[in-house]
1. Distance in nm between label sites at Leu96 and Thr16, each 7 Å beyond Cα in the beta-carbon direction?
2. Could you work out which residue, out of Glu59, Glu50, Glu18, moves most in a Gaussian network model of the chain, that is, has the largest mean-square fluctuation with Cα springs under 10 Å?
3. Once fully extended, how much extra length lies between Leu32 and Asp61, figured as 0.36 nm per residue of separation less the alpha-carbon to alpha-carbon distance?
4. State the Kirkwood hydrodynamic radius of the chain in Å, one decimal place, computed from all pairs of distinct Cα atoms.
5. Running a GNM on the chain with Cα contacts under 10 Å, which residue among Thr55, Thr16, Thr73 ends up with the highest mean-square fluctuation?
Amino acid sequence: MSSHPFPHLADGVTSTVENVDGNALAGPLSALFAADLTTALVTCRHCGDEAPLATAVVERDDSSDIVICRGCTHTLFTLHHSPAGLRLDLAGLAALAAPPDS
């Protein structure tokens with residue numbers, strides 16, 4: 001792929017931005033998703049509340065798990081179950097952070 005200089009606006013320091021494909025995320029994402037995600041911090045896109053996933057409300061049926069923010073009751077994300085496999089819709093999340101170190 002290619003790379004190009006990218007100026008940081010904060011202090012004038014420059015670094016190089018490299019364009020690669022999604023395979024470059026295998027390591028970083030495996031570190032996030034290999035963890036016990038119930039301790040991950042989720043941030044609601046609607047109200048900004050940040051809390052461990054374990055504290056969210058989950059509405060569940062045969063086809064999906066809907067994860068709801070305790071702060072404002074908006075949907076954080078939905079895990080859809082189908083014969084084709086799982087699909088994760090993260091529309092209500094502002095952020096998903098790895099669990100804090102124990």
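Just so you know, all these numbers are worked out from the coordinates, no wet-lab data involved. Given the structure is predicted, the values throughout are model-derived calculations rather than measurements. Counting neighbours? That spans all protein chains shown, and the Cβs are built from the backbone with ideal geometry, glycine included.
1. 3.2
2. Its mean-square fluctuation being the largest, the pick is Glu18.
3. Details: separation 29, 0.36 × 29 = 10.44 nm, distance 2.63 nm.
That works out to 7.8 nm of additional length.
4. Working: mean 1/r = 0.0622 Å⁻¹.
After inverting the pairwise mean of 1/r, the radius is 16.1 Å.
5. Checking each option, the largest mean-square fluctuation is seen for Thr16.
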